[in-house]
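The values are calculated or read from the model by the stated rules, or taken from the named source; none is laboratory data. Bear in mind the structure is a predicted one, so any value in this text is a computation, not a measurement. So basically every Cβ, Gly included, is an ideal-geometry build from the backbone, and we count neighbours across all protein chains shown. The area values use the complete protein model at the heavy-atom level, side chains included, leaving out ligands, DNA and RNA. Shrake-Rupley method; radii C 1.70, N 1.55, O 1.52, S 1.80 Å.
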Amino acid sequence: MTDKYESESTSADLPNANGPVRGAIVGIDLGTTNSVVAAVVDGRVEVLVEDGQSLLPSVVGLDPSGKLITGTIARNQQIAFPDRTIVSVKRQMGAMTKLSLGDQEFTPPEISAMILRRLRERASVKLGEAVSRAVITVPAFFDENQRQATREAGELAGFKVERIINEPTAAALVYHAGTSERMHLVVYDFGGGTFDVSIVRMESGVVEVLSSKGDTRLGGDDLDALLMKHVADSFQQQYEIDLRKSASTRWRLLQACERAKCQLSTDQTVCLREEFITEKDGQPLNLDITVTRDQYETLIRPLVDRTIECVDEALRDAKLNINQIDDLVLVGGSTRTPLVIERLREEFLREPSRAVDPDLAVALGAATQAAMFNGLAVGPVLVDVTAHTLGIEVLDHFDFQGKRLVFSPIIHRGTPLPARYEEAYRAVHDNQDAAEIHVLQGEHEDIQRNQSIGKFKLELDGASGDRAKVVVRFELTLDGTLQVTASQPATGKSNVLKIDNAMSRFRAEGRASAVTRLEELFDSSDEIDNRPAKRSAETGHRSWETLHWPSDAEATVQPPKMATGKSVLAESMLANARKTLGKLEGDDADEIRDLINKLEAALPGGDQSLIGEICAELDDVLFYVQ
């Protein structure tokens, strides 16, 4: 028996979409695996498509000539040039560690800016005007540093970031937008790199988030990793070779596992086959392992159960039970996993809803929110909440073991945005000349279990009597941006937090050079290299040059070779051609068979020009028959 769902939509009507328009503005879902851009077009919010593709793989690379490539082309070179390709950068946001891309190094916001720049170019082409304003989404459980890093990425890409909004909240904006009835929704967002759940109340045109929970280290990437471990362990047991030790074979294995994961969403059994994946004693070895859905679900069940625990906690925070929930909305590609749907059915005793494509709902909601900045009456008014408790470090008491420092909350998790709260404290001792304000985020009294946001000092003018009083005020904007102010009321002295962390130091010291470096990289990258599978305007055919097959002079970094000496990229095309050939007959089959023979004959000679010509012809034929 197969699962039945409501049809998935890639656009949505906007109620009363009229009013003044002040320049194009887009909504962007900056995802771990894929990213999407959407905008209002003729009164409807639509995903902006390029070459028939709604999703842009969130992958960045440098080709052998040093040109920047993004999206599908970058993903396709991942096997051949893993050291020149970066994936899943969203998981690094907020850390500000240096990421190697070839012989260059970039911060996570810079890499994300490359993806956002590509989306900006796509939007400008589709909308017919320059686009420089955006609403960008982030996981609901992103912390302050991660949100600031995302905003920085948008600015580096040339956007004025009008607002940062939470992903599940954005998705809620495209469900039941025209209803005036009171409804409670659970938005279950299981993406490629993160998991979020939000409990939302909709009533009279207002979308109010009651609670949010999540895990920024739990997503489809982790499901892939578990399957890869299972397959790699099986191969190692059989051949005593660990496929994960070589970068190229590891990426081939990971991509095979990702394809298998998707196939197991519909099939009970999948066979992972990769020819010439490695060698032993000079002989080529193939990967040929069968995985059943039951085996896969046994592997991933603990992770899926973790998401259900988050759902239960979010319901408790919202003070609701499952009988009060009117709809269960699925967002994110990982929600296509049958075990996820099964567990949610068990939990809620209802069929989950995905009337809007789970991969596109967040971008559509972001574009709905973006339209409001142009004065369009687009339906729901968004009322979001903070996903984390915010406060400061304070001295609890002295004892024989020394001083005990604890976390003092000021804004609690689940507080509606915008929020403004303050608390009064006292200096530790008389004549204290300064107070250090250490801002923390988390849910634990133990400061070590919370995350540091930043520190700053307030100079004190005497610290006895009334002068010992210090007031700390926290202000959160609608997009969750934090400002902290400390003051000494008796003297009027005050200071505002300037966050001292890697992100703030980057903005102060490295941002100017980052802007220059990125502009040079963008300018040096020919537009055609960033357009996957672009078809010639004259012929309607795809151009192999868009894949930038390197000439002998350009190939300063040679792709890794397999046991037979065949290049990884050509072998990948041969594997695809052989697979397609088994489904064809007649002239098409004869033509593909002839090209396969030509490519196999050309590969040992290493003539890249000839190989490129044959691959171009083979790619063109495969495009039309697939």
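Using only Cα atoms, figure out Rg for the stretch 188-296 and give it as a multiple of 2.2 N^0.38 Å. Could you put the intermediate results ahead of the total?
On the way: Rg = 19.1 Å, N = 109, 2.2 N^0.38 = 13.1 Å.
In units of the 2.2 N^0.38 Å rule of thumb, it is 1.46.
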Of all the C-alpha pairs in the stretch 39-148, what % are more than 25 Å from each other?
29
Treat each spin label as a single point 7 Å out from the Cα along the C-beta direction, and report the residue 509 to residue 294 distance in nm.
5.8
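Once you have the Cα-Cα distance between residue 490 and residue 444, take 0.36 nm times their residue separation minus that, and quote the gain in nm to one decimal. Before the final figure, lay out the partial values.
Numbers: separation 46, 0.36 × 46 = 16.56 nm, distance 3.19 nm.
The residue 490-residue 444 span can extend by a further 13.4 nm.
Take the cross-link list 403/455; 98/455; 213/457 and give me the ones stretching past 21 Å between alpha-carbons. Walk me through the intermediate numbers first.
Working: 403/455 19 Å; 98/455 23 Å; 213/457 32 Å.
Distance filter (> 21 Å) returns 98/455; 213/457.
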Order of 166-173, 36-43, 95-102, 330-337 by packing, highest average Cβ count within 10 Å first?
166-173, 330-337, 36-43, 95-102
Potential extension, residue 432-residue 104 segment - 0.36 nm per residue separation minus Cα distance:
113.3 nm
Sorted by accessible surface (1.4 Å probe, heavy atoms of the protein chains only), largest first, 213, 598, 319 come out as 319, 598, 213
In this structure, among 67/90; 67/261; 245/280, pairs with alpha-carbon gaps over 24 Å are 67/261
How much accessible surface area, in Å² rounded to 10, belongs to the heavy atoms of residue 469 with a 1.4 Å probe?
90
Once you have all Cα-Cα distances for the stretch 116-189, histogram them in 5 Å bins from zero and send the whole-percent values.
3, 14, 19, 17, 18, 14, 9, 5, 0
Over the stretch 123-228, what is the relative contact order in percent, taking alpha-carbon pairs closer than 8 angstrom and at least six residues apart?
23
How large is log10 of I(q)/I(0) for the stretch 261-374 at q = 0.23 Å⁻¹ when the intensity is taken from the Debye formula with one equal scatterer per alpha-carbon?
-1.30
